[in-house]
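Reading through the structure tokens given below for one structure.
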Amino acid sequence: MRQNIAAGNWKMNLSYQEGLELVKNLKKSLPIDGTKVILGVPHPYLKSYAEAISGVEGIAIAAQNCHHVLKGAYTGEVSISMLNSIGVKYIIVGHSERRQYYNESNEMIKTKVDLCISTGIHPIYCCGESLDVREAGDHVTFVKGQIEASLLHLSAEDIAKVTIAYEPIWAIGTGVTASPDQAQEMHNSIRGILREQYGDVADTVSILYGGSVKPQNAQEIFAKADVDGGLVGGASLNAEGFLEIANAF
Ligand code: PGA
């Protein structure tokens, strides 16, 4: 029904050469039956890594961000049409680090989602609550609000092009992982929101968990009914470990 996905988010790590080595090492073990591997790499590497994997099944390269305006005087920014012009098919949108450090609002992220859809690029849309929100017991309502603000205006046809990544901020890069039950609770809630709006299309949308996914915990988390894979930061920087995660379904 829906695709299992192991997505890496390298963030601002690895030199071009180190990254290429990693891509080449991953490539040797692909495709993985039933699982799509997506690598979120820094902008300057996108085109040449896409060439390095060309013709290999079961892998794609993703950008980690795009600007919310199509073109113009925004020094240092990268537009979606630039990414489209080099063949990018996936973009990570609304990561909590972008929300936190670059003040990306739900409204801005909604615009980026719309740009992706209109360009034929698949957004990997990120949501997730802070520790304060979780401790107050408001996490389900908070994430519902994020999704309502940035995704639910889409048509059923377009929501099917989106991958959702639930990433509790308190679990990102901290070594603390949400328990499989905590992940399932949220994923089930997200799927419920989609089902209410889109009916059975909800069952076609992959919902990934992110936040300290490691080879040691991937299997248990991915085994949950509504968890369709992971968005993996730190552990995606090592070929062996990331392959173990990608094989954990
Ligand atoms: P992490 O990052 O796996 O290093 O916790 C996940 C993410 O931010 O996507």
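A few notes on this one:
- Among complete DSSP H helices in the chain, those whose alpha-carbon atoms stretch at least 18 Å along the helix's long axis and whose mean Kyte-Doolittle hydropathy reaches -0.5 are 106-119.
- Computed E for E220/E51 - FRET, C-beta separation, R0 25 angstrom, nearest 0.05: 0.10
- Residues listed by number, region 98-131, amide nitrogen under 18 Å from K71 label point at 7 Å toward C-beta: 115-116, 118-120
- Relative counts (whole %) of C-alpha pair distances in region 101-249, using bins that are 5 Å wide: 2, 10, 19, 22, 20, 15, 10, 2
- Rounded to the nearest 10 Å², the accessible area of Y102 at probe 1.4 Å: 130
- Heavy-atom accessible surface of region 53-97: percent carbon and sulfur, 1.4 Å: 53
- Of all the options D203, D181, D226, the one that moves most in a Gaussian network model of the chain with Cα springs shorter than 10 angstrom is D181.
- Counting only DSSP beta bridges whose two residues both lie in region 4-246, roughly 5 percent are antiparallel.
- Solvent-accessible area per residue for region 4-246 (1.4 angstrom probe, square angstrom): 43
- Value in Å of the Kirkwood radius, where the chain supplies the Cα pairs that are averaged: 18.0
- Look at the alpha carbon pairs under 8 Å that are at least 6 residues apart: their mean separation over the length of the chain gives a relative contact order of 22 percent.
- Dipole of region 4-246, positive end: most advanced residue of S130, T177, G55 [Cβ charges, Cα centre]: G55
- Longest site-free stretch - the chain; sites: trypsin sites (Lys or Arg not before Pro), DSSP loop, at most 12 other Cβ within 10 Å: 72-249
- Centroid-to-centroid separation of region 180-234 and region 63-86 [C-alpha atoms, Å]: 29
The values are calculated or read from the model by the stated rules, or taken from the named source; none is laboratory data. Fair warning: this is a prediction, and the values are worked out from it, not measured in the lab. Neighbour counts are summed over all protein chains in view; Cβ atoms, including those assigned to glycine, are modelled from backbone coordinates with ideal geometry. Surface accessibility is based on the protein's heavy atoms, side chains included, excluding ligands, DNA and RNA. Shrake-Rupley method; radii C 1.70, N 1.55, O 1.52, S 1.80 Å.
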